[in-house]
Each structure stands twice: as C-alpha cells, then as structure tokens.
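The values are calculated or read from the model by the stated rules, or taken from the named source; none is laboratory data. Everything quoted here is computed from the prediction, not taken from an experiment. FYI the Cβ positions are ideal-geometry reconstructions off the backbone, even for glycines, and counts take in every protein chain you see. Surface accessibility is based on the protein's heavy atoms, side chains included, excluding ligands, DNA and RNA. Shrake-Rupley method; radii C 1.70, N 1.55, O 1.52, S 1.80 Å.
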Amino acid sequence: ALAAAGLTSATLGEASAGPGQPVQLLVPSVGFDAELIRAAGRYLRGAIFSVPFFVDPARPAVGEFVERYRAQFNEGPTYPSAFAYDAFNVVRRAVETGSRTRAALRAALLAARDGPAVAAIHGFRSSREPDRSVTLVRMDADGPRALP
C-alpha cells in the first residue's frame, strides 16, 4: 500500500532504499510479528515498532526462554506468554525467599523491584510502574534490531 501511494519506508533523515518519497513509519505493537517480517520486511526498512516482547539476541535469558517454550509448545512465545513467564518468576522468587503466607507473599510482591525478565518490563521502578513497558525495534536491512 505504501509503494502504491508513492511512499517508501526509511529511517528519518536517510535516503529510502527504493523509489518514492521516504517516510519514517512508527508502528504500534499490534503491527509487529514474525509473519510481517517475512512477508513485508523489505518494505519496512527503517520502520520503528513499539513491542512488549522482542527476541533480542543480545539478551541470553530471552533466547533460553524462547528455546524452552518452543521445545514445550512447538511454536514461538507471544508477548502474553512472556509476561506470564515473568509474573510467575516474580511469585516464585518471593516463595523461594521465604514467603509462606498470603500476607508474606503480598509484602514480597510489593517489595519486588527487579529480577531477570524476558518481556520488556525489566523489573519495576520505585513507583511500581514497569521499568520499561516496551522495547523500540527498528527494521534494518538484516532484520529487526532493538534500539537503545
């Protein structure tokens, strides 16, 4: 549709990879999945996606989670499964550190600040908000890459 309208996805300030007017695409998380990358990745170079779960090769814990998930379910994880995994681990750490009653578990969960996470959340701020609610990913020529 972009090409038909004479538009080409490109990184802001850079020339487009194809003919047409370069535009910087900002895509919400619902627009990002592996099928999109396979089907239209070449048309999306430079596009920036906001994603709650990204399989980032720079984060070994994510790769381990994906491998275990694929082995168990014969498909890749989605962001809800990544958030569920992280939530389970927060509760598990609370129990492993001694929470034996509902009150103790509640106190431990309220005190949870960080720990290994595979989704974009990466622990909590002191305000109890996610440290990072999304990861920004740019589609480069060799595939998606997490932005700092």
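General remarks:
- At a probe radius of 1.4 angstrom, the accessible area of the chain per residue rounds to 64 square angstrom.
- Kirkwood hydrodynamic radius (C-alpha pairs) into Stokes-Einstein, the chain, 4 °C and 1.567 mPa s, D in µm²/s: 75
- The residues neighbouring SER50, those whose beta-carbon lies less than 15 Å from its own, together hold a net charge of +1 under the Lys/Arg +1, Asp/Glu -1 convention.
- From its DSSP helices (H runs of at least four residues, each -39,500 (n - 2.57)), the chain gives a residue-normalised ellipticity at 222 nm of -10500 deg cm²/dmol.
- Each Lys and Arg adds +1 at its Cβ and each Asp and Glu adds -1 at its Cβ; summed about the Cα centre, the range 62-129 shows a dipole of about 400 debye.
- Within the shell of other residues whose beta carbon sits under 13 angstrom from the beta carbon of ASP142, the net charge comes to +3, with Lys and Arg scored +1 and Asp and Glu -1.
- Highest-MSF residue in the chain out of PHE88, PHE49, PHE73 [GNM, Cα springs under 10 Å]: PHE73
- Toward the positive end of the charge dipole of the chain, with +1 on the Cβ of Lys and Arg and -1 on the Cβ of Asp and Glu, the farthest Cα among SER99, ALA141, GLY6 is that of SER99.
- Sulfur and carbon atoms: percent of accessible area, the range 1-128 [1.4 Å]: 59
- Computed from backbone phi, the HN-Hα couplings of the range 69-80 come to 5, 4, 4, 7, 10, 6, 7, x, x, 10, 5, x Hz, rounded to whole numbers (Karplus: 6.51 cos²θ - 1.76 cosθ + 1.60, θ = phi - 60°; Gly and Pro given as x).
- Residue (of SER127, PRO60, PRO19) at the positive-pole extreme of the chain, dipole from beta-carbon charges: SER127
- The charge dipole of the chain, taken about its Cα centre with unit charges on the Cβ of Lys, Arg, Asp and Glu (plus for the first two, minus for the last two), comes to roughly 540 debye.
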